[in-house]
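Data first, discussion second: the structure below is written as structure tokens.
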Amino acid sequence: TKTEATLSCTFNFEDTADYDVYFRYKPASSGSYDRVNVPTGTGTKTAALTGLTPGTTYEFALCADWGGQTYTSAAATFTTSSDGGGGNTGSAKYSGWPELPVEVANSDYYYAYHICPDFSVGGHKARNYTVCFSAENHCPLWVSAPRHACYEVKNTDRTDAYGRDPKIPSNIQCSSKSTGGGCNKGHMLGSAERLVTREVNKQVFYYTNIAPQYSGSFNTGGAWNNLEAFVDAQVCADTTYIVVGTYFKPFTDAYGQSCSPAKISFGGRNDVTRPSMFYYLILRTKSGSTRKSVRDCRADELKCAAFVLRHNMEKGHKPQAKDMMKVSDLEALTGFQFFANVPNAPKSSYNPSDWGL
């Protein structure tokens, strides 16, 4: 924003000796660093900065002082907004949502927050989903959403109302529902997960909620659909929070098999990137019936994990423990910070037995 920023960096260190970990930051044109300390220990470190100067580029790095030396991460930069908007136009308004990743501000990422037009919970219009969309890949990077039975009460049928997202520039989106590259239209947040009203269902047919997925093995009864069915079974009396994402670099999975991205013709464009991997992040209470917000739960009351599938996964593949990954490891891979609004989310561990695997 104009005067605030959130820094994030992943840190790994196995020694138990005393050391200090901190972010240093300064205006790029200044020679004097300010410092904000963060807790020691392996994991993703974040720091909220305030009192910054609007319209100013800052540089920062994560530092560790140990054994008389200072070790630093690669330097990174951000620019505060001059008008209060920046790249995170909705982050202040919606920052309490448990499923919402930390926005990364750059010229490639566009964000949209979709509120249900005609469905309310507790006297307020319910949220539908948030999307981070890539202009370079013409594809969603992630879609985050709450899952709860109240959204799935079948008051309407599937609308098939494919169209452009009115909150994202139309020139970077697909322009038709045509397919190609061996793929069909893969919803990130599925139609069956939003049947409470027709208008709510229409929103999940925005092109920003759709990525190309192999039709013969991944979608249409394939490995991804098997994972979606597994996630459906995780929806409980308490709200379940999900982030569904794509990956656009070469990817090798835990089975030693690889997949690479490719440019394809899809959705009326000839420059859409076919992802190499899709992931599903899930956060919920272990019991499923605490009647508490996940933000009010202890770490031992919660479970969260990432499930990753290379895009060319074999058709009959069903979710296994080897498909799982620590959320913190997926953060390091993708560069996004997940479940930042839930301080006790156990992102650095998971137990397959908690998920029936």
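The values are calculated or read from the model by the stated rules, or taken from the named source; none is laboratory data. What you see is a predicted model; the values in this text were computed from it and never measured. Please note: Cβ atoms are built from the backbone with ideal geometry, for glycine as well, and neighbour counts cover all protein chains shown. Areas reflect the complete protein model, heavy atoms only, side chains present, ligands, DNA and RNA absent. Shrake-Rupley method; radii C 1.70, N 1.55, O 1.52, S 1.80 Å.
Filtering region 203-236 to residues that are assigned to a loop (DSSP other than H, G, I, E, B), of a type in the set (Ser, Thr, Tyr) and open to solvent by 40 Å² or more (accessible area, probe 1.4 Å) leaves 215, 220. Might you check whether a residue that is modelled with pLDDT of 95 or more and under 21 Å from residue 351 (Cβ atoms) occurs anywhere in region 256-272? No; the residues of region 256-272 include none that is modelled with pLDDT of 95 or more and under 21 Å from residue 351 (Cβ atoms). Candidates are the residues of region 206-247 that are touching a Ser or Thr at 6+ places or on another chain (Cβ under 6 Å) and of a type outside the set (A, V, I, L, M); the one that is nearest to residue 274 (Cα to Cα) is 247.
Yes/no matrix, rows are residues, columns are (1) out of contact with any Asp or Glu (no Cβ under 7 Å at 6 or more places or on another chain); (2) open to solvent by less than 30 Å² (accessible area, probe 1.4 Å):
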{"residue": "289", "(1), (2)": "no, no"}
{"residue": "292", "(1), (2)": "yes, no"}
{"residue": "296", "(1), (2)": "yes, no"}
{"residue": "302", "(1), (2)": "yes, yes"}
{"residue": "306", "(1), (2)": "yes, yes"}
{"residue": "314", "(1), (2)": "yes, no"}
{"residue": "322", "(1), (2)": "yes, no"}
{"residue": "326", "(1), (2)": "yes, no"}
{"residue": "333", "(1), (2)": "yes, no"}
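Region 250-357 holds strands (runs of 3 or more DSSP E) entirely within its bounds, and those carrying 1 or more residues that are small (Gly, Ala, Ser), in contact (Cβ under 8 Å) with a residue 24 or more places away in the chain and closer than 18 Å to residue 211 by Cβ map to 262-266, 302-310. Would you mind stating whether residue 344 is more than 13 Å from the chain's Cα centre (by Cα), at pLDDT 95 or above and surrounded by 13 or more Cβ atoms within 10 Å (Cβ to Cβ)? Judged against the criteria, residue 344 is not a match.
Considered as a group, the residues in region 163-212 that are among the aromatic types (Phe, Trp, Tyr) and under 18 Å from the mean Cα position of the chain (by Cα) include one that is farthest from residue 151 (Cα to Cα), and that residue is 207.
In region 169-198, the residues that are within 24 Å of residue 262 (Cβ to Cβ) reach residues that are among the aromatic types (Phe, Trp, Tyr) and in a loop (DSSP other than H, G, I, E, B) with C-beta atoms within less than 7 angstrom, at least six apart or across chains, in these pairs: 177/162. For region 251-283, the set of residues classified as surrounded by fewer than 23 Cβ atoms within 10 Å (Cβ to Cβ) and among the charged types (D, E, K, R) consists of 253, 263, 269, 271, listed by residue number.
Of all the listed residues (107, 95), the sole one being modelled with pLDDT under 90 and either among the basic types (Lys, Arg) or farther than 26 Å from residue 326 by Cβ (or both) is 107. Quick check on residue 354: is it acidic (Asp, Glu), in contact with a strand residue (DSSP E or B) (Cβ under 9 Å, 6 or more places away or on another chain) and open to solvent by less than 10 Å² (accessible area, probe 1.4 Å)? The answer is no for residue 354. Going through (1) more than 23 Å from residue 102 (Cα to Cα); (2) open to solvent by less than 30 Å² (accessible area, probe 1.4 Å) one by one, residue 32 falls short only on (2). Of the numbered criteria (1) open to solvent by less than 40 Å² (accessible area, probe 1.4 Å); (2) out of contact with any strand residue (DSSP E or B) (no Cβ under 8 Å at 6 or more places or on another chain); (3) more than 26 Å from residue 312 (Cβ to Cβ), the one residue 197 fails is (2). Once region 10-29 is narrowed to residues that are β-branched (Val, Ile, Thr) and either part of a loop (DSSP other than H, G, I, E, B) or open to solvent by 50 Å² or more (accessible area, probe 1.4 Å) (or both), the residue that is modelled with the highest pLDDT is 10. When residue 186 is tested against (1) assigned to a loop (DSSP other than H, G, I, E, B); (2) at pLDDT 95 or above, only condition (1) is not met.
Does region 121-137 include one or more residues that are among the aliphatic types (A, V, I, L, M), touching a helix residue (DSSP H, G or I) at 6+ places or on another chain (Cβ under 8 Å) and part of a loop (DSSP other than H, G, I, E, B)? Yes: one or more hits. Has region 57-78 got at least one residue that is open to solvent by less than 30 Å² (accessible area, probe 1.4 Å) and either at pLDDT below 85 or on the phi > 0 side of the Ramachandran plot (or both)? Among the residues of region 57-78, not one is open to solvent by less than 30 Å² (accessible area, probe 1.4 Å) and either at pLDDT below 85 or on the phi > 0 side of the Ramachandran plot (or both), which makes the answer no. Within the option set 135, 112, 145, being at pLDDT below 95, closer than 30 Å to residue 80 by Cα and either touching a strand residue (DSSP E or B) at 6+ places or on another chain (Cβ under 6 Å) or open to solvent by less than 30 Å² (accessible area, probe 1.4 Å) (or both) holds for one residue only, 112.
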